[in-house]
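Read-outs throughout are calculated quantities, based only on the coordinates presented, and are distinct from any laboratory measurement. Given the structure is predicted, the values throughout are model-derived calculations rather than measurements. Counting neighbours? That spans all protein chains shown, and the Cβs are built from the backbone with ideal geometry, glycine included.
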Amino acid sequence: MSAIQINIANKTFLGDGRVQNQTIANLQLSLAEHEFICLVGPSGCGKSTLLNIIAGLDDDFEGEVTLSQRHRKPSIGYVFQNPRLLPWRTVRENILLALPDGYPSAPIDVMLETLQLTDVKDDYPERLSLGMSRRVAIIRAFAVNPDILLMDEPFVSLDPPTARQVRQWLISLWQQRPHTVLFVTHDLREAIALADRLIFLSKSPMTAVSEIKVPIPRSERDDEKAIEAFRQSLLENHPEIRSLL
Amino acid sequence: MTVRSLYDSPRLASLVSSVLFLLVWQLLASYLDSTTLPAPLAVARVIWLETVSGQLPYHLGVTLLRLAFSFSIAMLLGCAIGIAMGRNEKLNHFFDNWLVIFLNIPALVTIILCYVWFGLVEYAAILAVVVNKLPNVIVTIREGTRTLDRDLLEMAKSYHFSKRKTFLHVIWPQLYPFVMGATRTGLALIWKIILVVELLGRSDGVGYQLHLFFQLFDVAGILAYSIAFVCVIQIIEFSILKPLDKKALRWRR
């Protein structure tokens, strides 16, 4: 049974001069329950639009998106491209507000500790660096125990060691409590390190060019050589994706 | 005391400027030596006598009560209508003309019409003030609503924020500066209108007293009541509005 069934025939935006710009055309994706998918494609190709459609923020399109029937209303954790924290609420309040009423708040402090944010948990977001704000946004998405986790280039502007740490943390959380993840990135190495399956998307109108399973076992994902080797073989065997990177 | 230390300490500067104001007033009064411009001390004496006799507190109280009522009604209605018009483009289009008309009716006209239509009664007075203030609140709040951050509203929607949560934590903090702006201009505008309303059709309140003093050419009385009222408005500003601002805007860098 698939967790998410996406079938978007047509999505257009009204551009300048009343021209219809087609953003997505004939996009069919099927995500298995608890699958980790990375969407790879050039920037500006409409990946954020796709995530917005899945999150239910945009219903102005032709086609349909079906979320798994197991949950009547699946909880969604969404890490936007910019952190989107409420500037007038503290770090901790920002995370707590995303939780449904009566939800346990104890795990939040553990997460804040893990991502080294304990010192700033009572500060307002304007006092944080962009990297810190991003980590807060990531915790907010995890804190709701999402059935579906949408991540829109969440690790951009994190320094490489922090990015690696958050990546490992993301995977360990995902293994502890499996959920379906849609992760947008344009970094192929990052995508290979994280995903069960890579989906390559083309630029306007966006559509799926190829879908490739990543056969590297989870235990070897930290091995940079294995990832680099897989990347090279990908580029050799799939010439169609070269232009998308 | 140097000019420099005056410049550095705002409190000292405002004290010096107040004293200077009184001094100029006193000099002018002594020079003119006329009943039409009484000296500061003479006005202070009237304030004292009127306070002791209970007249000043009574009329001030009546006017403040009218202020509180009409202000609350205008703000509540104005916020609701302003948010609705800011969020709904069709509604805004439809009622925009009404707003322009009401914004441009002179205060005196609404006051006269309210008294003519409803008689010289309390609710006609309150209504006249509300009708005068309401369009300003609506316009201010509408502008505020239009600048609401769409990114944050989307965030709230994706995390299934309830309507109440969205309003309290996402919308209200963004509207707050606009509401405070409407409050400040509102207080200043409303109390001036209330005086006219009282002068034209009420038999109590500061406006009514001013009317009496005018007929007697009692300038000291007029100045005494005006100064008393200005002081009350300043007290509201410093004891309520300023602390509220400080608390609400503490997240700003």
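Details
- Geometric extent, Cα atoms of region B:46-248 - Rg, Dmax (angstrom): 19.9, 68
- Helix screen, chain B: DSSP H segments with Cα axial length of 24 Å or more and mean Kyte-Doolittle hydropathy at least -1.0 are B:10-32, B:55-87, B:122-146, B:172-201, B:219-236.
- For region A:145-214, the list of trypsin sites (Lys or Arg not before Pro) that fall in a loop by DSSP and count at most 16 other C-beta atoms within 10 angstrom reads A:Lys203.
- Exceeding the 27 Å Cα-Cα cut-off - candidates A:Lys47/A:Lys213; B:Lys165/B:Lys246; A:Lys203/B:Lys90; A:Lys11/A:Lys73; B:Lys133/B:Lys242; A:Lys73/B:Lys90: A:Lys203/B:Lys90; A:Lys73/B:Lys90
- Among the trypsin sites (Lys or Arg not before Pro) within region B:220-251, those in coil by DSSP and having at most 12 neighbouring Cβ atoms inside 10 Å are B:Arg250.
- Neighbour-count order for B:Met155, B:Met85, fewest beta carbons within 10 angstrom listed first: B:Met85, B:Met155
- Of the trypsin sites (Lys or Arg not before Pro) found in region A:66-144, the ones in coil according to DSSP and having at most 14 other Cβ atoms within 10 Å of their Cβ are A:Arg70, A:Arg72.
- Whole-Å distance, taken between Cα centres, linking region B:1-73 and region A:147-214: 68
- Helix-only arithmetic for chain A: the sum of -39500 (n - 2.57) across DSSP H runs with n ≥ 4, divided by the residue total, places the mean residue ellipticity at 222 nm at -9500 deg cm²/dmol.
- Calculated mean residue ellipticity at 222 nm for chain B: -27000 deg cm²/dmol, from DSSP H runs with n ≥ 4 weighted as -39500 (n - 2.57), summed, divided by the residue count and rounded to 500.
- Per-q log10 I(q)/I(0), the protein assembly as shown, q = 0.06, 0.07, 0.12 Å⁻¹ (Debye; single scatterer per alpha-carbon; no solvent): -0.47, -0.60, -1.10
- Shielding by other protein chains, B:161-174, mean Cβ within 10 Å: 2
- Using the Cβ of A:Ser202 as centre and a radius below 15 Å, the other residues enclosed give a net charge of +2, where K and R count +1 and D and E count -1.
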